[in-house]
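> Submitted below is the structure of interest, expressed as structure tokens.
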Amino acid sequence: MNYTIKNQDLVVEISDHGAELKAVKYKNINYLHDSNPNFWGRSAPILFPNIGAIKNNVCMINGNPYFLTKHGFLRDRDFTIFHQELSSITFTYTSTETDYTIYPFQFKIDITYQIHGNLLKSYIVVTNLSNETMLFNLGLHPAFKVPLFGDEKFEDYKIVFKESADYTCPVVNLKDGTIDFEQIARKFENLKELPLNYDDYKNDALVFPKLKTHFVKLLNKDENHGITFEFNDFPMLGIWTPNHVKANFICIEPWIGCADPSNHSGNFNEKCHLIHLDKNQTQLITYQIKFF
């Protein structure tokens, strides 16, 4: 079921399935992908407790094997409403016995969405309910509609980084989804603006392992509409679109962690940017998006 929050500028629809953003309408234009399954059947899933592929689909946690699917299982769980107001809503999810068979930690996740003018803020609070230290990664996967209007095309848009920097993007292994950090897919020198074109994504996502900035813009060529996206809690970024179908969206994906390296040992506790939570400890993760 979808729930709506709104103000004079924005109308935001969120599904209780995965607490996933399904639409963000500014001036009656939906800035999110409409989940058309011909391109991609999702719009903005939350990735937990892993991001991307687990090597061989199995990982070792505390000496035992667990089977985790790509991007984890939270995106396929039904949340309940904890609190709702006109311009704010909080979803909550507590792990179940079914979850415990594939991920050996008990937890609770509260996800809040708030709107202030044309700004959407989100607060994700993860609580460890286990009697031991809990390990996880967490990522975002919003798909922004590109182009927004019928007289534009995908290539009329660009992603602008707040600061210029050099980046080396590793190769994504198309056979198993792991990341080969020993191989280089793209090198960028003094990258400030990344024009959109489908060829950049013929080998899956562009992965930026060491971000120099955590603020990007997605703009049309005239820079008169788009989004700004701030994600200070996320040390990595993926950018992706399914180029083989020339989809009308681009995913800007802040990550705390990523898919397993191609040479990964299989031990979950060796994943990069792993968050460690002690018993009853909480972790707050935030981001915000402005639409114009």
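> Nothing charged except the Cβ atoms of Lys and Arg (+1) and of Asp and Glu (-1): what's the magnitude of the dipole of the chain about its Cα centre? Round to the nearest 20 debye.
Charge dipole of the chain: 220 debye, to the nearest 20.
> For the range 200-258, what are Rg and Dmax over the alpha carbons, in angstrom?
Gyration radius and largest Cα-Cα distance of the range 200-258: 12.4, 34 Å.
> Can you pick out the pairs among 187/271; 162/279; 55/210; 217/279; 6/158; 27/202 whose Cα atoms lie more than 31 Å from each other?
Result: 162/279; 217/279; 27/202 exceed 31 Å.
> Grab the DSSP H runs of the chain that are 4 residues or longer, score each as -39,500 (n - 2.57), total them, divide by all residues and round the 222 nm result to the nearest 500 deg cm²/dmol.
Result for the chain, helices only: -500 deg cm²/dmol.
> Give me the net charge of residue 121's neighbourhood, meaning all other residues with Cβ under 12 Å from the Cβ of residue 121; Lys, Arg count +1, Asp, Glu -1.
0
> From the residues 48, 81, 134, which one has its Cα farthest along the dipole of the chain in the positive direction, the dipole being from +1 and -1 charges on Cβ of Lys/Arg and Asp/Glu about the Cα centre?
Among 48, 81, 134, the one farthest towards the positive end of the dipole of the chain is 81.
> Efficiency by 1/(1 + (r/R0)^6): what FRET value for residue 223 and residue 85, r their Cβ-Cβ distance, R0 = 35 Å, to the nearest 0.05?
0.55
> For the range 170-248, state which GluC sites (Glu not before Pro) are in a DSSP loop and have at most 12 other beta carbons lying within 10 Å of their beta carbon.
When the GluC sites (Glu not before Pro) of the range 170-248 are filtered for loop state and at most 12 Cβ neighbours within 10 Å, 223 remain.
> Another question about this same structure. Test of understanding: what is the full-extension gain from residue 1 to residue 160, defined as 0.36 nm times their sequence separation minus their Cα-Cα distance?
53.8 nm
> Cα atoms only: what Rg and Dmax, in Å, come out for the chain?
18.5, 57
> What translational D, rounded to a whole number of µm²/s, comes out for the range 224-292 from Stokes-Einstein when the hydrodynamic radius is the Kirkwood one over Cα pairs, at 10 °C and 1.306 mPa s?
105
> Something else now. With only alpha-carbon atoms counted, please give the Rg and Dmax of the range 1-48, in Å.
11.0, 33
> Rounded to two decimals, what ratio of Rg to Rh does the range 170-231 give with C-alpha atoms and a Kirkwood Rh?
A ratio of 1.00.
> Right, another one. For the range 131-270, state the average projected area of the convex hull of the C-alpha atoms over all orientations, rounded to one decimal in nm².
Mean projected area of the Cα convex hull: 9.8 nm².
Read the figures in this text as sums done on the coordinates, not as results from a lab. Source: prediction; values computed, not measured. Using ideal geometry, Cβ is built from the backbone for each residue, glycine included, and neighbour counts are taken over all protein chains shown.
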